[in-house]
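To keep things clear, I will list the structure first and then write my remarks on it.
The values are calculated or read from the model by the stated rules, or taken from the named source; none is laboratory data. Keep in mind that this is a model prediction, so the values were computed, not measured. Here Cβ is always computed from backbone atoms with ideal geometry, including for glycine, and neighbour counts include all displayed protein chains. Accessible surface is based on the protein model in full, side chains and every heavy atom, while ligands, DNA and RNA are left aside. Shrake-Rupley method; radii C 1.70, N 1.55, O 1.52, S 1.80 Å.
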Amino acid sequence: MNKRDFYEKAAKGLATSTLLYNVDAVVHVEDWDDIWFWQQLLPKYRAGRYKFIPATMNEKGNRTTGCTQCLKYRDFLSQKFFICIDSDLRRLQGEILSAEDGVLQTYTYSWENHCAFAPRLQ
């Protein structure tokens, strides 16, 4: 199985697991520390029950965290499985990521991002 097929199959499995967890969506975050933040934020904009996962297996069978791992699912996201990441430098570099495509992101969640986003500097 090639890498793309692996992530497509995994994303379908994660979306289907909403039935197992009795939730509206499974949400892949970068790591454990991000769960609390997104638990506070998501219900304000989309009511529902969520299962947060801080890591998934990569194509080599290793448990992997981080933004890069989350973005490996980018082409296979849905209402039932989506990702939440820190944008870091992505926005400044012109990379287009959107909630409509299943990628929720912050711009000033950490002080590093706050300082890098010029209109937010004080």
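With contacts taken as Cα pairs under 8 Å and at least 6 residues apart, segment 12-65 reaches a relative contact order of 37 percent.
The length gained by stretching the chain between LEU92 and TYR21 to full extension, at 0.36 nm per residue less their Cα-Cα distance, is 21.9 nm. Highest average first, the peptides 67-74, 2-9, 42-49 ordered by how many other beta carbon atoms sit within 10 Å of their residues are 67-74, 2-9, 42-49.
Restricting the calculation to Cα atoms, segment 44-94 yields a radius of gyration followed by a Dmax of 12.7, 37 Å. Rank LEU104, THR56, ALA11 by how far each Cα sits towards the positive end of the charge dipole of the chain (+1 on Lys, Arg Cβ; -1 on Asp, Glu Cβ) and give me just the farthest. Looking along the dipole axis, the top candidate is ALA11. Solvent-accessible surface of the chain, averaged per residue with a 1.4 angstrom probe and all protein chains in place: 63 square angstrom. What is the calculated FRET efficiency for PHE37 to ASN58, with r their C-beta to C-beta distance and R₀ = 30 Å, to the nearest 0.05? That pair, PHE37 with ASN58, gives E of 0.80.
Volume per residue for segment 1-72 equals 91 cubic angstrom (convex hull of Cα atoms). Helix 3-16 and the longest principal axis of the C-alpha atoms of the chain enclose an angle of approximately 80°.
Taking every DSSP bridge with both residues inside segment 1-110, close to 15 percent are antiparallel. Using the Cα coordinates of the chain, the gyration tensor eigenvalues translate into equivalent-ellipsoid semi-axes of 25, 18, 13 Å, sorted from longest to shortest. The Rg/Rh ratio of segment 1-40, with Rg taken over Cα atoms and Rh as the Kirkwood radius over Cα pairs, comes to 1.07.
Working from Cα positions, state the angle (0 to 90°, nearest 10) between the long axis of helix 32-45 and the longest principal axis of the chain. Long axis of 32-45 versus the principal axis of the chain: about 80 degrees. Near PHE37: Cβ cut-off under 14 Å, other residues only, Lys/Arg at +1 and Asp/Glu at -1. The net charge is -4.
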